[in-house]
Amino acid sequence: QVQLVESGGGLVQPGGSLRLSCVVSKSISSIYAMAWFRQAPGNERELVASITNGGTTYYPDSVKGRFTISRDNAKNMVFLQMNSLKPEDAAVYYCSARRAWTLGFTYWGQGTQVTVSS
């Protein structure tokens, strides 16, 4: 099993930045892909960033150019750098792991709250 623990959420003003961290219990080099999802009240959970063990990244148009996913294999950590934050970015952010392409994203952290407000 893969255990994930997120941190770094908090309150930030519009236009500000936050860096989220995810500690993974297993070597992320052996995991097919890591990702960040978010879910706001009344909305479905949505993918905001993903990275494969080969370094390929994906971002939806809503965050492209503002968010950056990265990893530190030596520390078994994954990060989400969020810049130019907007009120619509407010949500609970979840770290997720995909052990193999056939399994999907089936491992989840507890989530960390991001609030964007003046």
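The values are calculated or read from the model by the stated rules, or taken from the named source; none is laboratory data. Keep in mind the model is a prediction, meaning the values are calculated, not measured. Neighbour counts run over all protein chains shown; Cβ positions are idealised from the backbone, glycine included. When the accessible area is computed, the model is the full protein with side chains, heavy atoms only, and any ligands, DNA or RNA have been set aside. Shrake-Rupley method; radii C 1.70, N 1.55, O 1.52, S 1.80 Å.
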Env charge @ Phe37, Cβ radius under 11 Å, K,R +1 / D,E -1, value -1
Treating every alpha carbon of the chain as one equal point scatterer without solvent, the Debye formula yields log10 I(q)/I(0) values at q = 0.10, 0.19 Å⁻¹ of -0.26, -0.95
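If you roll a 1.4 angstrom probe over the protein chains with everything in place, what fraction of the accessible area of the chain belongs to carbon and sulfur, to the nearest %? Working shown, then result.
On the way: 2890 of 6130 Å².
Heavy-atom surface of the chain belonging to carbon and sulfur, 1.4 Å probe: 47 percent.
For the pair Glu44 and Asp72, what calculated FRET efficiency results from E = 1/(1 + (r/R0)^6), where r is the Cβ-Cβ distance and R0 = 35 Å, to the nearest 0.05? Mind showing how you got there, number by number?
Working: r = 30 Å, r/R0 = 0.86.
My answer for the efficiency is 0.70.
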Under 19 Å from Lys75, Cα to Cα: aspartates and glutamates that are on another chain or at least 8 residues apart: Glu6
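In terms of solvent-accessible area of protein heavy atoms at a 1.4 angstrom probe, what is the ranking of Leu103, Leu85, highest value first? Could the numbers behind the result be given before it?
Values: Leu103 90, Leu85 5 Å².
Final ranking, largest accessible area leading: Leu103, Leu85.
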Based on alpha-carbon centroids, what's the gap between region 46-91 and region 5-44 in Å, whole number please? 8 Å
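If you count the DSSP beta bridges with both ends in the chain, what percent of them are antiparallel, to the nearest 5?
Looking only at bridges with both residues in the chain, the antiparallel portion is about 90 percent.
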With each label point set 7 Å from Cα along the Cα-Cβ vector, what nm distance links Ser62 and Gln110? 2.6 nm
Let me check something: with ligands and nucleic acids excluded, how do Met34, Met77 order by accessible area (1.4 Å probe), largest to smallest? Met77, Met34
